[in-house]
Every structure is written in structure tokens, then in C-alpha cells.
Amino acid sequence: MADTGFDPDAVDDRPARSSHITPREGKILGVVIAVFALISWPIYTALKEDSQRFQCRRNFGDMFKSTSLYMADWNDRYPPAYATAADDPEIPLLDAAGRPFTWGSLIQRYASRADMLLCPSAEADEAVRAQDPASSARNLRTTYGLYVGLAGQPQAILKNPSTTVVFSETANRGAGETFDPVPLEAQDGSPAPDGFLIGYSNGNLEPDASTFAVTRLAYKRTKEGRFDANLPARHRGVNHYLFADGSVALLNAEAARVKMLGTDLSGYWERP
């Protein structure tokens, strides 16, 4: 039988290798970890953004369902934009905590999730604290707005439901240098939350021949009324829009511009 050179009883007298990492090995390991993190970070960021966009789109689907349930109980009408104070339809009625009662407060009663009205990509100062219909101890935080042209209106008389916006992503009180030329005020003249309402460049409730854009859409750096296609938004340069037929689209800042058909609005911001 051939000699394999292996003796199971032989003593291994080779010097033991240290289990500790040498400084040189530590430096190499640190470089490897840093390179891996550098490569992985963009992937992580992209996956996080995709997840947030998916969640936001899901919110719009749930908003459509909740609004449909509300309308079924209220003669096929969209909810009013907000409860008003005194006799002025532009002044929101605020509770002791400074919170308005909004369309969101109304459709939240029909929602299956407490966070339906909050985009995970939104920054904290973009959100409105509204009244929660279930408890005065809780805030209903929302980063979406209702288009005032449809507030309280019956869906049945819409001419183009597939291209008429109902809800979109908004920012409160001009957060992020967003376009908010006519901020809402409380009854005492103090600033009121307004990110729940998509109004017009020259008034919150009614457009006229000089109207050129809608307000409070979550496109940063639109404060001066310029709506370039490449301006930053919540989801890689675009925001979600929910149309009256239930479809959802992603659009850039140019969508804030108003198109006039004679003395009437046309396109995305059509009114019944």
C-alpha cells in the first residue's frame, strides 16, 4: 500500500495562527466595508424611494375608495374642502389646538388605515394637522390636498372624469418654497393651516381670467410662480395625482399651470 505521508498520531508542531486581526488586516477590512457601503448606498436609496412611492400610490387608491364611500352617503357629492368660520367661506374653523376640520377628516371615517393621508416621502413641515374624526386627542396628519373646484360638487356632472384632478400631493404654508400666494388665515387673522386645499394663484375659492396656476402642490422652488419640468418633487421630480375616474398619474411641476378655455378652466383643473 502506498505511503500517503499522513500520520493521525503525529503531533502538529506548526506555530499557531493568532485569531486577532492585525492593524494591516484591519485597514484592508475597513476599506472593503467602505467600498461596499459606497456601492450599496445608491441601491438602498433607490429601493427606499421606490417603497415610499409605492406606499404613496397605495394611499391614493385608498383615498379613492374612502371618497367613493363618502359620496355614496352624500348624494354623489365630493366632500366640502373644510368647515368654515362665521360667514366667510375662506376662513377655516379651527379647534382649540388650531386644527381645521377638513375633507380629510370626513373621508377618514371610511378609511381602513390611520396613515392613509400621509406620504412617507413628505417632510414634517409639509403636513397639516387636522382634526381626527375618531378622537380629539389625536392629530390627523395629511400631505394631500383636495382641488377646490370639485369641493362639494356632484361627480355626475363632470365632463372629463379621466383627466380632472381631485387630489394631489401638497405642502402646508409654503413649506419648501412651494407656491402659496394667498395663504389661509384664521378668524383672528393669524396663519391657518392650508396644505389641505388646492386653490388658485389669485384666490383660494374662485378662478378668473388672470388665473395662471393652482397652489400648494408639493413642488419645491415654485414660490415665485415658475413651474419648470425639472423642479424637485416628492418622487424623483414627480407627484401623484388622483383623477375623478380613480386613475392615478405621476406628473411634474408643469401640471400646476392652468389652461383657460375662454373664461373656463380646462385640462387637469376643469370644474363642473
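At a glance:
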read-out: Alpha-carbon centroids, region 67-138 and region 142-180: separation in whole Å; value: 13 Å
read-out: For region 27-269: Kirkwood Rh in Å [reciprocal of mean 1/r, alpha carbons]; value: 18.7 Å
read-out: ³J(HN,Hα) computed for each position of region 201-217 - Karplus, 6.51 cos²θ - 1.76 cosθ + 1.60, integer Hz, glycine/proline x; value: 4, 10, x, 7, 10, 10, x, 8, 4, 8, 5, 10, 7, 9, 10, 6, 5
read-out: Sequence ranges 80-88, 240-248, ranked by mean other-Cβ count within 10 angstrom, highest first; value: 240-248, 80-88
read-out: Value of Rg to Rh for region 54-99 (Rh from inverse mean 1/r over Cα pairs, i.e. Kirkwood); value: 1.12
read-out: Förster radius 35 Å - calculated FRET efficiency between residue 210 and residue 236 (Cβ-Cβ, nearest 0.05); value: 0.60
read-out: Residues 180, 132, 125 arranged by fewest to most Cβ contacts within 10 Å; value: 125, 132, 180
read-out: Positive minus negative residues near residue 151 (Lys, Arg vs Asp, Glu; Cβ under 11 Å); value: +2
read-out: Estimated vicinal HN-Hα couplings, Hz - region 234-243 in sequence order (Karplus 6.51, -1.76, 1.60; Gly, Pro = x); value: 7, 10, 6, x, 9, 10, 7, 10, 9, 9
read-out: Computed lengthening from residue 51 to residue 260, 0.36 nm per intervening residue step minus Cα-Cα distance; value: 71.6 nm
read-out: FRET efficiency for residue 160 and residue 93, using Cβ-Cβ distance with R0 set to 45 Å, rounded to 0.05; value: 0.85
read-out: Distance between modelled label sites at residue 223 and residue 58, nm, 7 Å Cα→Cβ extension; value: 3.5 nm
read-out: Estimated FRET transfer efficiency (residue 125, residue 77; beta-carbon r; R0 22 Å; 0.05); value: 0.10
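Read-outs: derived from the displayed coordinates by stated rules, not from any lab. Treat the numbers as computed from the prediction; the structure is a model and nothing was measured. Quick reminder, even Gly has a Cβ in these numbers, built from the backbone with ideal geometry, and neighbours come from all protein chains shown.
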